[in-house]
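For reference, the structure discussed in these notes is given below.
The values are calculated or read from the model by the stated rules, or taken from the named source; none is laboratory data. This one's a predicted model, so the numbers in the text were calculated from it and none came from an experiment. Here the Cβ positions follow ideal geometry from the backbone for every residue, glycine too, while neighbour counts run over all protein chains shown. For the accessible areas, the whole protein counts, side chains as well, though only heavy atoms, and no ligand, DNA or RNA atoms are used. Shrake-Rupley method; radii C 1.70, N 1.55, O 1.52, S 1.80 Å.
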Amino acid sequence: MNIRSQVSMVFHLDKCIGCHTCSVACKNVWTDRKGADYMWWNNVETKPGTGYPTKWEDQEQYRGGWEKNGDEPIHIKSTGKARVVPNIFHNPHMPSMDDYYEPWTYDYQNLFNAEEGSDQPIAKPISMITGEDIEIEAGPNWDDDLGGSKIYAANDPNLKGLSEQQRLQLSSVERLVLFYLPRICNHCLNPCCVASCPSGALYKRGEDGIVLIDQKKCRAWRSCVAACPYKKTYFNWFTGKSEKCILCFPRLETGQAPACFHSCVGRIRYLGVLLYDADRLEDVANLPDEELVNGHRSLILDPHDPEVVRKAQSAGIPDGVIESAQQSPVYKFVMDWKIALPPHIEYRTLPMLFYVPPMSPVIADFENGLASHKMQGLFHGIDESRMPMQYFANLFGGGHEGVVRYAMGKQLAVRWHRRAETVGDVDRATADKFLREADCSLEEAEAIYKLTSLCTFEDRFVIPPMYREQAIEMIKEPGEHKAETGFGFVGGPQRGL
Amino acid sequence: MSQHFFDQFLFVALPYVCLFTFFLMTIYRYRAQSFSYSSLSSQFLENKHHFWAVVPFHYGILIVTAGHFLAFLIPRQLLAWNSVPWRLFVLEISALAFGILTIIGLAGVIVRRMSSSKVRMVTTPTDWILFLMLLVQTVSGVSIALFYPWGSSWFATNMTPYLWSILKLSPDVSFVAAMPWLIKLHVVLAFLTIGFFPFTRLVHVLVIPNPYLWRKPQVVRWYGRK
Ligand code: HEM
Ligand code: SF4
Ligand code: SF4
């Protein structure tokens, strides 16, 4: 057993209101720069929809992630070792700016400087790249709230396997349904971006698992952009370096939650440490599709198990981090309750950001111009929700419904339970029946309710001590380090000629 | 007399200045500004014509450059190969073909840079100077192949000794001094390109990845641990 710790995340989709505050917080802190202007390390997509970059989940087009053919070991679907030599000059699977959008601003000066005339001056949109006038044709959330759903939602790759009737249902006005999917880098355990980099510029930090790109080593071979199935490495077109979400490590190291977590209006985000067994990564990444979700879980170790604690200590994980792992809200969602699931586990990068799937509104019957709900009880069963189970299975279950059903059933049971507790128009026996069916004890239901609805900052973000200062002391005299800090770049990073 | 002085300047002084600049500045730039070492790919901004420009150019230039290196490093073996006429023809024709491929690719690179307004934004004056130098260099190279054939042999017999004499710090210009002006131009421009190299995007040639094919897929960095 080779125990490592990983700062992991849960996004509770039932709570996301699609406000994009997270995206803006991230943009203001990190990507408000030339070349990074089109990047959204954190973006929020409307589902069903095609997302950003457009149709990123269609791996026949983008060829991200790992591929498994039969019994052979997995390989990088885009340019792995064998194909990197001929493809280094031109990467055939590299998305271009057209797949994202051309960033623009407005010519505000015209409002002040326009010649006097008979028309009101306007601020025309201009490209942030060329400065020329542009026709805006796409944006990072172009299909927000199902805008243009005939083109966008209808082409969502997650609709795979849905019946014609289900698809029609999704697009009929009376039964429209949507939810939001906020996305950041998943800081995967088996990151394809790292594995694909010819320069070895990408790496995973040993102590906390944050995946970073060494800006001094990146040479713009852009393999990572093609390889990440979540399209969470971006190419800075100005500096000629790839960039990605850094999980706000400078904030984490000073005990603060990442900017997108901190600013989240819906309080949907949770952060905490998971301990995992790095020796079994390869085996798990090679499991058949239907075993992936459970295999991924089996990597995660119980931080309360004395055996695990002992081994973690001997692996050099500080006590503070182990304690933090024991309080991790992520462990509760993913392991204790099993209601948070990894996105697209079939890409086999073993993402460490988990989603609690959202409950969606119920299907209504539409007769004689009147909508009537066909459910009997107070809450509808999960199969009556407007969003078909297969859709969630494609997104969070690697195409398989079982784990998603379990997560949804438990959430439903918690609702019955709380209704019985607070409103009282549901009798206890019914609530208990639902809890039993959902494999959920009373205490568990209460705990889920509390961490979902009444959670404070401290409940949501259990940030481990990062001990970077000690880590530095191990290699260098602190005074010396202090004197050198800031001298990493001579004259600041500048684009090459 | 002045001709002699001129040759000394072009084929002794200039090469040393250029080689010196090359070594000094690539190392300095790597140490002080390793951030600036990048192929500065523009594929992200323009992906339709990218393949047809960058790929032929690179296959062409890499093979042609490799040919020059071979003649420089193993002249005897090359001459032995060329001693059978059909082998000489094969070599000459393929060298010419790759030279032409380079010109086509380079023309593609230049036209693409001029026609795409986005790519123009990431093209610097240095790039234009470099493209001009490379264009003159490749066109003169292909012209030499056409007008002064069997270069694979006369390079090995005449140019290789000159280049070695430079490297061995006992310059002997007698071989180049007798060459036609087209070849002299090609040689002078080659040294100028080497001298200009560290100030351009060409530095990407020095950082081509090699450990990738052998390393383990995942990279983990620890603080204070190897
Ligand atoms: C194995 C060696 C080499 C590799 C791996 C390599 C790789 C690359 C890559 C990835 C690009 C960026 C293309 C893009 O996406 O826009 C590039 C551009 C370029 N390379 Fe190389 N290169 C190599 C050798 C050379 C050599 C020997 C030369 C010339 C002497 C050269 C000259 C150039 C030039 C001029 C560009 C700019 C092309 C443009 O404007 O798009 N390269 N190279
Ligand atoms: S989400 Fe993409 S960029 Fe992030 S670690 Fe995974 S493969 Fe790499
Ligand atoms: S800030 Fe929170 S609630 Fe708002 S869009 Fe982002 S994740 Fe959703």
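Tell me, which helices (runs of 4 or more DSSP H) wholly within region B:1-118 include 1 or more residues that are among the basic types (Lys, Arg) and away from ligand 1 (no atom under 12 Å from the Cβ)? Before the answer, list the steps.
On the way: elements: B:2-8, B:14-32, B:50-73, B:75-82, B:85-115.
Result: B:14-32, B:75-82, B:85-115.
Can you go through A:127, A:118 and tell me which one is among the polar types (S, T, N, Q) and modelled with pLDDT of 95 or more?
Details: A:118 fails: modelled with pLDDT of 95 or more.
Only one candidate passes the filter, namely A:127.
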query = Which members of region B:136-181 meet the condition of being of a type in the set (A, V, I, L, M, F, W, C) and part of a loop (DSSP other than H, G, I, E, B)?
reply = B:150, B:169, B:173, B:178, B:179
task = Would you please list the contacts, defined by Cβ atoms under 6 Å and residues six or more apart or on different chains, that run from a residue in region A:226-251 that is among the basic types (Lys, Arg) to a residue that is more than 16 Å from ligand 3 (Cβ to nearest atom)?
result = A:231/A:53; A:231/A:56; A:232/A:244; A:241/A:215; A:241/A:218; A:244/A:213; A:244/A:233
Filter result for residue A:274 (in the same structural domain as residue A:441 (by TED's automatic domain parsing) and open to solvent by less than 40 Å² (accessible area, probe 1.4 Å)) = no
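On the given criteria, is residue B:181 aromatic (Phe, Trp, Tyr) and within 30 Å of residue A:467 (Cα to Cα)?
Details: aromatic (Phe, Trp, Tyr): yes; within 30 Å of residue A:467 (Cα to Cα): no.
Considered against the rule, which asks whether it is aromatic (Phe, Trp, Tyr) and within 30 Å of residue A:467 (Cα to Cα), residue B:181 comes out as no.
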inquiry  = What are the pairs with Cβ atoms under 7 angstrom where one residue, in region A:196-223, is within 22 Å of residue A:252 (Cβ to Cβ) and the other, located anywhere, is within 16 Å of ligand 3 (Cβ to nearest atom) and not in a helix (DSSP H, G or I)? Sequence gap at least six, or different chains.
reply    = A:210/A:247; A:211/A:185
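In this structure, does residue A:219 turn out to be outside the structural domain of residue A:321 (by TED's automatic domain parsing), in a helix (DSSP H, G or I) and either away from ligand 2 (no atom under 15 Å from the Cβ) or basic (Lys, Arg) (or both)? Reasoning before the result, please.
On the way: outside the structural domain of residue A:321 (by TED's automatic domain parsing): yes; in a helix (DSSP H, G or I): no; either away from ligand 2 (no atom under 15 Å from the Cβ) or basic (Lys, Arg) (or both): yes.
Criteria not met by residue A:219.
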inquiry  = Can you tell me which residue is farthest from the other protein chains (Cβ to nearest Cβ) among those in region A:185-198 that are more than 8 Å from ligand 2 (Cβ to nearest atom) and over 18 Å from residue A:219 (Cα atoms)?
reply    = A:189
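Which one of A:58, A:37, A:71, A:32 is open to solvent by 10 Å² or more (accessible area, probe 1.4 Å), farther than 23 Å from residue A:224 by Cβ and more than 16 Å from ligand 1 (Cβ to nearest atom)? It would help to see each step written out before you state the result.
Values: A:58 fails: farther than 23 Å from residue A:224 by Cβ; A:37 fails: farther than 23 Å from residue A:224 by Cβ; A:32 fails: farther than 23 Å from residue A:224 by Cβ.
The unique qualifying residue is A:71.
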task = Return the residue satisfying two criteria in turn: it lies in region A:74-108 and is open to solvent by 50 Å² or more (accessible area, probe 1.4 Å), of a type outside the set (Asp, Glu) and under 26 Å from the mean Cα position of the chain (by Cα), and of such residues it is nearest to the other protein chains (Cβ to nearest Cβ).
result = A:92
message = Checking the structure you have, find out if any residue of region A:241-254 is more than 15 Å from ligand 2 (Cβ to nearest atom), among the aliphatic types (A, V, I, L, M) and either in contact with a Lys or Arg (Cβ under 7 Å, 6 or more places away or on another chain) or open to solvent by 30 Å² or more (accessible area, probe 1.4 Å) (or both).
response = no
